[in-house]
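Down below is the structure, laid out as C-alpha coordinates.
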Amino acid sequence: MSGGADRDHDLDLAVRLLSGTPTHEGRDPLLLRQWALAAEEFGARLSPDAMTARIVERDGGLTEGLLARFRSRPAQIELYVDTIDRAERLVDEQGWRAWFPEGSVRAAALAHERAHEHLHHARVRAEFKRALGHTALRLGRRHVYAHVAGADELAAHAYARVACGLGRSPLLLTEALAISVTQPADAVPPDRAVHPDRSEK
(Lines give C-alpha, C1' and ligand atoms only; values in the text may rest on other atoms or scores of the structure.)
Protein backbone atom coordinates (compact mmCIF):
# COMPACT_ATOMS: atom_id res chain seq x y z
CA MET A 1 0.00 0.00 0.00
CA SER A 2 1.42 3.39 -0.91
CA GLY A 3 2.08 6.10 1.65
CA GLY A 4 -0.45 8.36 -0.09
CA ALA A 5 -3.16 5.73 0.20
CA ASP A 6 -2.27 5.25 3.88
CA ARG A 7 -2.66 8.97 4.53
CA ASP A 8 -6.03 8.96 2.71
CA HIS A 9 -7.24 6.10 4.91
CA ASP A 10 -6.04 7.94 8.02
CA LEU A 11 -7.88 11.07 6.90
CA ASP A 12 -11.05 9.02 6.34
CA LEU A 13 -10.77 7.73 9.92
CA ALA A 14 -10.24 11.28 11.17
CA VAL A 15 -13.37 12.50 9.37
CA ARG A 16 -15.32 9.60 10.86
CA LEU A 17 -14.15 10.56 14.33
CA LEU A 18 -15.32 14.13 13.83
CA SER A 19 -18.66 13.09 12.33
CA GLY A 20 -19.37 10.97 15.41
CA THR A 21 -18.49 13.78 17.81
CA PRO A 22 -21.40 15.66 19.46
CA THR A 23 -22.07 19.10 17.89
CA HIS A 24 -21.03 17.85 14.44
CA GLU A 25 -24.25 16.02 13.60
CA GLY A 26 -25.44 17.08 10.16
CA ARG A 27 -22.35 19.09 9.30
CA ASP A 28 -21.15 19.10 5.70
CA PRO A 29 -18.71 16.17 5.23
CA LEU A 30 -16.44 18.42 3.18
CA LEU A 31 -16.20 20.85 6.10
CA LEU A 32 -15.38 17.99 8.45
CA ARG A 33 -12.69 16.81 6.04
CA GLN A 34 -11.26 20.34 5.88
CA TRP A 35 -11.10 20.50 9.68
CA ALA A 36 -9.61 17.01 9.91
CA LEU A 37 -6.88 17.86 7.42
CA ALA A 38 -6.10 21.16 9.16
CA ALA A 39 -5.93 19.41 12.56
CA GLU A 40 -3.63 16.71 11.23
CA GLU A 41 -1.33 19.21 9.54
CA PHE A 42 -1.16 21.33 12.70
CA GLY A 43 -0.44 18.30 14.87
CA ALA A 44 2.28 17.04 12.53
CA ARG A 45 4.10 20.39 12.92
CA LEU A 46 3.87 20.57 16.73
CA SER A 47 7.09 21.02 18.70
CA PRO A 48 6.18 20.52 22.34
CA ASP A 49 8.35 22.05 25.03
CA ALA A 50 10.34 19.81 27.34
CA MET A 51 7.85 17.62 29.16
CA THR A 52 7.03 18.79 32.67
CA ALA A 53 4.23 16.33 33.41
CA ARG A 54 4.94 13.41 35.73
CA ILE A 55 4.48 9.96 34.14
CA VAL A 56 2.44 7.44 36.10
CA GLU A 57 1.85 3.85 34.97
CA ARG A 58 -1.24 2.02 36.16
CA ASP A 59 -3.75 -0.73 35.35
CA GLY A 60 -7.48 -0.40 34.70
CA GLY A 61 -7.32 1.16 31.26
CA LEU A 62 -9.28 -1.61 29.56
CA THR A 63 -12.13 -1.12 32.04
CA GLU A 64 -12.15 2.65 31.48
CA GLY A 65 -11.43 2.47 27.74
CA LEU A 66 -8.16 4.39 28.06
CA LEU A 67 -4.63 3.99 26.71
CA ALA A 68 -3.37 7.13 28.40
CA ARG A 69 -4.65 10.37 29.88
CA PHE A 70 -3.24 13.83 30.51
CA ARG A 71 -4.26 15.67 33.67
CA SER A 72 -3.39 19.35 33.93
CA ARG A 73 -3.62 19.81 37.72
CA PRO A 74 -1.11 18.65 38.66
CA ALA A 75 0.51 18.03 35.26
CA GLN A 76 0.50 14.27 34.95
CA ILE A 77 0.38 11.69 32.16
CA GLU A 78 -1.21 8.38 33.09
CA LEU A 79 -0.20 5.38 30.98
CA TYR A 80 -2.46 2.33 31.28
CA VAL A 81 -0.16 -0.67 30.94
CA ASP A 82 -2.95 -3.25 30.54
CA THR A 83 -4.37 -1.40 27.53
CA ILE A 84 -0.90 -0.84 26.06
CA ASP A 85 -0.15 -4.57 26.37
CA ARG A 86 -3.47 -5.43 24.69
CA ALA A 87 -2.76 -2.96 21.88
CA GLU A 88 0.67 -4.50 21.27
CA ARG A 89 -0.94 -7.94 20.96
CA LEU A 90 -3.55 -6.49 18.60
CA VAL A 91 -0.80 -5.13 16.34
CA ASP A 92 0.57 -8.66 15.99
CA GLU A 93 -2.90 -10.17 15.51
CA GLN A 94 -3.68 -7.75 12.68
CA GLY A 95 -0.26 -8.00 11.03
CA TRP A 96 0.44 -4.29 11.56
CA ARG A 97 3.95 -4.57 13.02
CA ALA A 98 5.49 -2.80 10.01
CA TRP A 99 3.31 0.21 10.85
CA PHE A 100 3.68 0.01 14.64
CA PRO A 101 7.12 -1.35 15.66
CA GLU A 102 7.64 -3.16 18.96
CA GLY A 103 7.27 -0.72 21.86
CA SER A 104 5.72 1.99 19.71
CA VAL A 105 2.29 1.81 21.37
CA ARG A 106 3.66 3.11 24.67
CA ALA A 107 5.79 5.70 22.87
CA ALA A 108 2.82 6.87 20.79
CA ALA A 109 0.52 7.04 23.84
CA LEU A 110 3.08 9.18 25.64
CA ALA A 111 3.61 11.42 22.58
CA HIS A 112 -0.16 11.78 22.16
CA GLU A 113 -0.54 13.04 25.72
CA ARG A 114 2.50 15.32 25.36
CA ALA A 115 0.67 16.91 22.44
CA HIS A 116 -2.40 17.41 24.64
CA GLU A 117 -0.19 19.05 27.27
CA HIS A 118 1.20 21.39 24.61
CA LEU A 119 -2.25 22.16 23.18
CA HIS A 120 -3.32 23.12 26.70
CA HIS A 121 -1.24 26.32 26.52
CA ALA A 122 -3.33 29.39 25.65
CA ARG A 123 -1.01 30.56 22.85
CA VAL A 124 -1.01 27.16 21.17
CA ARG A 125 -4.79 26.82 21.55
CA ALA A 126 -5.27 30.19 19.85
CA GLU A 127 -2.96 29.20 16.97
CA PHE A 128 -4.83 25.91 16.60
CA LYS A 129 -8.19 27.66 16.39
CA ARG A 130 -6.86 29.99 13.71
CA ALA A 131 -5.51 27.03 11.74
CA LEU A 132 -8.91 25.31 11.85
CA GLY A 133 -10.63 28.53 10.78
CA HIS A 134 -13.99 27.82 12.45
CA THR A 135 -15.38 31.35 12.81
CA ALA A 136 -17.78 31.89 15.70
CA LEU A 137 -18.13 35.66 15.31
CA ARG A 138 -17.00 38.45 13.00
CA LEU A 139 -16.45 41.96 14.27
CA GLY A 140 -15.55 44.02 11.23
CA ARG A 141 -12.28 42.54 9.98
CA ARG A 142 -11.73 40.66 13.19
CA HIS A 143 -12.64 36.96 13.44
CA VAL A 144 -13.36 35.20 16.71
CA TYR A 145 -12.46 31.55 16.22
CA ALA A 146 -14.32 28.71 17.90
CA HIS A 147 -13.25 25.36 19.29
CA VAL A 148 -13.82 22.36 17.01
CA ALA A 149 -14.79 19.36 19.15
CA GLY A 150 -12.57 16.35 18.47
CA ALA A 151 -9.92 18.27 16.53
CA ASP A 152 -7.42 18.20 19.39
CA GLU A 153 -7.54 14.38 19.32
CA LEU A 154 -6.66 14.41 15.63
CA ALA A 155 -3.80 16.83 16.18
CA ALA A 156 -2.43 14.69 19.01
CA HIS A 157 -2.62 11.53 16.87
CA ALA A 158 -0.83 13.31 14.03
CA TYR A 159 1.93 14.48 16.37
CA ALA A 160 2.36 10.96 17.76
CA ARG A 161 2.60 9.48 14.24
CA VAL A 162 5.34 11.91 13.22
CA ALA A 163 7.21 11.90 16.55
CA CYS A 164 7.33 8.10 16.67
CA GLY A 165 7.88 7.55 12.94
CA LEU A 166 4.80 5.36 12.56
CA GLY A 167 3.50 4.06 9.24
CA ARG A 168 -0.10 4.85 10.12
CA SER A 169 -1.91 7.18 12.49
CA PRO A 170 -2.36 5.76 16.01
CA LEU A 171 -6.04 6.54 15.41
CA LEU A 172 -6.24 3.31 13.40
CA LEU A 173 -4.96 1.35 16.36
CA THR A 174 -7.16 3.05 18.95
CA GLU A 175 -10.25 2.47 16.81
CA ALA A 176 -9.34 -1.20 16.31
CA LEU A 177 -8.61 -1.53 20.03
CA ALA A 178 -12.03 -0.12 20.92
CA ILE A 179 -13.65 -2.65 18.60
CA SER A 180 -11.61 -5.54 20.01
CA VAL A 181 -12.68 -4.91 23.61
CA THR A 182 -16.34 -4.16 22.92
CA GLN A 183 -17.27 -6.43 19.99
CA PRO A 184 -16.77 -10.08 18.99
CA ALA A 185 -13.25 -11.30 18.19
CA ASP A 186 -14.00 -11.55 14.45
CA ALA A 187 -15.20 -7.94 14.14
CA VAL A 188 -13.71 -6.12 11.15
CA PRO A 189 -11.10 -3.51 12.11
CA PRO A 190 -11.66 0.12 11.03
CA ASP A 191 -11.45 0.82 7.28
CA ARG A 192 -10.73 -2.90 6.61
CA ALA A 193 -7.06 -2.01 6.67
CA VAL A 194 -4.89 -4.49 4.77
CA HIS A 195 -1.57 -5.84 5.96
CA PRO A 196 1.06 -3.11 5.43
CA ASP A 197 3.30 -5.46 3.45
CA ARG A 198 0.62 -6.21 0.86
CA SER A 199 -0.15 -4.11 -2.19
CA GLU A 200 -3.62 -2.63 -2.52
CA LYS A 201 -5.40 -3.93 -5.61
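The values are calculated or read from the model by the stated rules, or taken from the named source; none is laboratory data. Predicted model only: the values in this text are computed from it and were never measured. Using ideal geometry, Cβ is built from the backbone for each residue, glycine included, and neighbour counts are taken over all protein chains shown. Ligands, DNA and RNA are stripped out before the accessible areas are found, and what is left, the full protein with its side chains, is counted by its heavy atoms. Shrake-Rupley method; radii C 1.70, N 1.55, O 1.52, S 1.80 Å.
Heavy-atom accessible surface of the chain, averaged per residue, reaches 53 Å², computed with a 1.4 Å probe. Shape descriptor for segment 61-106: Rg over Rh equals 1.07 (Cα atoms; Rh from the Kirkwood inverse mean 1/r).
Taking each DSSP H run with n ≥ 4 as -39500 (n - 2.57) and averaging over every residue of the chain yields -16500 deg cm²/dmol at 222 nm. Relative to the Cα centre, the charge distribution of the chain, modelled as +1 at Lys and Arg Cβ and -1 at Asp and Glu Cβ, gives a dipole magnitude of about 1060 debye.
Considering only Val162, His118, Ala108, and ranking their Cα positions along the charge dipole of segment 108-183 that arises from unit charges at the beta-carbon of Lys, Arg, Asp and Glu, the one farthest toward the positive end is His118.
Just checking the listed ones, Glu127, Glu64, Glu88: in the Gaussian network model of the chain with Cα springs under 10 Å, the one fluctuating most is Glu64. DSSP bridge analysis restricted to the chain gives an antiparallel fraction near 65%, rounded to the nearest 5. Taking the empirical scaling 2.2 N^0.38 Å for compact globular proteins as reference, segment 19-101 has a Cα radius of gyration ratio of 1.42. Expressed as a whole percent, the accessible surface of the chain that belongs to carbon and sulfur atoms is 50, based on a 1.4 Å probe. Set the Cα radius of gyration of segment 47-177 against 2.2 N^0.38 Å, with N its number of residues, and you get 1.17.
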